[in-house]
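Some notes on the structure that comes next.
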Amino acid sequence: MSEGDLDNPIWASLASRHRALALGADGFARYPAAVAPFLGFAAAAAAAGAEADAALCELVPAGDTALVLGAAPAVGPHWRLRHLADLAQMVCRAPIAAGDAAGGGEAPIVELDAARREDVLALTALVYPHYFRPRTMELGRYFGIYEDGRLAAMAGERMGTHGYTELSAICTHPDFLGRGHARRLMALLVNDNLARGRTAFLHVSQDNARAIELYRRNGFELRRAIAFWSLNRAEPASP
């Protein structure tokens, strides 16, 4: 699997590891809206004209918004394509030393299964809104740390190909910041994926200096800036 797949990560994920979840045809695919808001397309589909437009209409119903990473497709005038940001795409090619990730004390790391879904949705709604959906946990494994009966921090796997796994929803409740929880969770996921022959990558706002510094300290390197877009249908003009 080529590293070039990271230039088009949504399509690469839907065409490989998440093929069973993919909705679409004619070079376009998306996740079910309850899983994730992401839309991907093969490079050739970006300039497919009327065929691409018809495929998009099937995948993005009126009133819905899809999110795109990388190059944006050419769309007709009845679509609104908005550039949201350029994100930093970072990769980690080496294990995170266990000693570097042990700052979270004795609180155990637990796998977040369906029984803990409400805890996950509550934390992500607070500190990671918009992108985490009711079925997002179907995309990969999610792990968390509890303190005083509350989900203090979590991290998990979202998009992925056969050779790469995206880490996502790396978040800590404001009441539990500064305890090393995010570092421990990243170490678990990075090291386990490397053992499986997969390289971890992630996306972060270029304005989020605190998060970027955390990732750099734990071995992540900037691979590239990648464009982040929203796509939705324009409302028809009133008669």
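A few points about this structure:
- Meeting the requirement of 2 or more residues that are of a type in the set (G, A, S), the strands (runs of 3 or more DSSP E) wholly within the stretch 1-96 are 79-92.
- Pairs with Cβ under 6 Å, 6+ apart, first in the stretch 209-227 and without any contact (Cβ under 8 Å) to a residue 60 or more places away in the chain, second among the hydrophobic types (A, V, I, L, M, F, W, C): A211/V204
- Among (1) out of contact with any Ser or Thr (no Cβ under 9 Å at 6 or more places or on another chain); (2) touching a residue at least 12 places away in the same chain (Cβ under 8 Å); (3) not in a loop (DSSP other than H, G, I, E, B) - the single one M154 does not satisfy: (1)
- Residues that are part of a helix (DSSP H, G or I), closer than 29 Å to A71 by Cα and without any contact (Cβ under 8 Å) to a residue 40 or more places away in the chain within the stretch 169-208 comprise just one, N193.
Every residue, every condition in (1) in contact (Cβ under 8 Å) with a residue 60 or more places away in the chain; (2) in contact with a Pro (Cβ under 6 Å, 6 or more places away or on another chain); (3) among the hydrophobic types (A, V, I, L, M, F, W, C), yes or no:
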{"residue": "G4", "(1), (2), (3)": "no, no, no"}
{"residue": "W11", "(1), (2), (3)": "no, no, yes"}
{"residue": "A25", "(1), (2), (3)": "no, no, yes"}
{"residue": "D53", "(1), (2), (3)": "no, no, no"}
{"residue": "L59", "(1), (2), (3)": "no, no, yes"}
{"residue": "V75", "(1), (2), (3)": "yes, no, yes"}
{"residue": "W79", "(1), (2), (3)": "yes, no, yes"}
{"residue": "A88", "(1), (2), (3)": "yes, no, yes"}
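- Flag not set for L194, criterion: in the same structural domain as L123 (by TED's automatic domain parsing) and either of a type in the set (F, W, Y) or crowded, with 19+ Cβ neighbours inside 10 Å (or both).
- Qualifying residue in the stretch 106-123 (condition: in contact with a helix residue (DSSP H, G or I) (Cβ under 7 Å, 6 or more places away or on another chain), at pLDDT below 95, of a type in the set (G, A, S) and assigned by TED's automatic domain parsing to the domain that holds A195): no
The values are calculated or read from the model by the stated rules, or taken from the named source; none is laboratory data. Please read all numbers here as calculations on a predicted model, not as lab measurements. We place every Cβ from the backbone using ideal geometry, glycine too, and count neighbours over all the protein chains shown.
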